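S.K.: Pasting in a structure now, in structure tokens, and then I'll have a few things to ask.
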Amino acid sequence: MIVLGIDVGTTGTKTLALNDNGEILGRGYHEYGLITRPGGIVEQKASDWYDAVVISVRQATEGLERDDIAAISLSTQGASMTAVDSDFNELCNVITWMDRRAVEEADYINGVIGSENVYRTTGYSIGPSIDAPKILWLRKNNPELTEKTHSYVSTIEYINYKLTGVNVIDPTNAAIRGMFDINKVG
């Protein structure tokens with residue numbers, strides 16, 4: 001039995017292939033860049049993430065029997081998101097967790113809902129790196145994009161979909177997006 005551990009990080013994707021004793025059978029790594037612009041804008045291309053997953057998995061599994069792969073464990077950078085259409089094509093660059101463009105939108109959410117209420121609901125404080133303010137920013141500054149958008153997806157959702165064809169997210173990753181009520185789990 002082989003388990004793949006895939007980590008889609010901020011600047012690259014790492015993959016380990018491990019046997020059921022935890023011994024490393026193979027390693028892979030592929031990096032990608034950040035797109036930076038004035039105004040605190042820090043973006044990436046979601047397709048670069050997926051390409052890096054494919055490359056690093058191929059590296060890690062070279063010489064192994066791929067039929068022996070029993071499971072994949074996926075870890076990804078949090079609070080990075082992009083807009084996709086109904087066919088899951090990315091419609092814009094990823095707005096990363098380092099991006100600062102949505103400061104006003106974060107302040108607006110905290111002012112209307114209250115920062116303490118947001119924290120009690122999601123388990124996270126709202127700041128410009130969280131997805132909810134970034135979505136508000138996109139809706140305000142790019143209404144044409146909003147009309148084409150089917151979903152706003154995080155790193156883990158994007159990679160999950162590319163690997164499985166299913167758009168899903170777990171409660172922990174949904175909460176970090178600032179749009180999930182942790183009190184309604186269970």
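All of the numbers you see were taken from the coordinates with simple rules; none came from a lab. If you're wondering where the values come from, they're calculated on a predicted model, not measured in any experiment. All Cβ positions, even for glycine, are placed from backbone atoms using ideal geometry, and neighbour counts span all protein chains on display.
S.K.: Could you give each residue of segment 155-167 its phi-based ³J(HN,Hα) in whole Hz, using Karplus coefficients 6.51, -1.76, 1.60 with θ = phi - 60°, and x for Gly or Pro?
M.R.: So the Karplus estimates, Gly and Pro as x, are 4, 5, 5, 4, 5, 3, 5, 4, 7, 10, x, 10, 8 Hz.
S.K.: Still on this structure: Compare the Cα positions of Gly111, Thr82, Asn93 along the charge dipole of the chain (+1 at Cβ of Lys, Arg; -1 at Cβ of Asp, Glu; about the Cα centre) and return the one farthest towards the positive end.
M.R.: With unit charges placed on the Cβ atoms, the residue in question is Gly111.
S.K.: Rounded to two decimal places and with Rh computed the Kirkwood way over Cα pairs, what is Rg over Rh for the chain?
M.R.: On the way: Rg = 17.8 Å, Rh = 17.5 Å.
We get a ratio of 1.02 for the chain.
S.K.: Expressed as an acute angle from 0 to 90° and rounded to the nearest 10, what is the orientation of the C-alpha long axis of helix 103-113 relative to the principal long axis of the chain?
M.R.: On a 0 to 90 degree scale, this one is about 70.
S.K.: Cross-chain or 8 or more residues apart, Cα under 20 Å: how many lysine pairs in the chain fit that? Count them up, please.
M.R.: Eligible lysine pairs with Cα atoms under 20 Å apart amount to 8.
S.K.: While we're here: Using only helices, what value at 222 nm comes out for the chain when you add -39,500 (n - 2.57) per DSSP H run of length 4 or more and divide by the total residues, to the nearest 500 deg cm²/dmol?
M.R.: Numbers: 7 runs with 68 residues, N = 186.
For the chain, the value works out to -10500 deg cm²/dmol.
S.K.: Find the centroid of the Cα atoms in segment 112-174 and in segment 1-27, then give the distance between the two in whole Å.
M.R.: 27
S.K.: Based on the mean of other Cβ atoms within 10 Å per residue, sort peptides 111-118, 133-140, 63-70, 178-185 so the most packed one is first.
M.R.: 133-140, 178-185, 111-118, 63-70
S.K.: Looking at the square roots a ≥ b ≥ c of the eigenvalues of the Cα gyration tensor of segment 100-186, which shape do they give, rounded for a/c under 1.5, prolate if a/b is larger than b/c, or oblate?
M.R.: oblate
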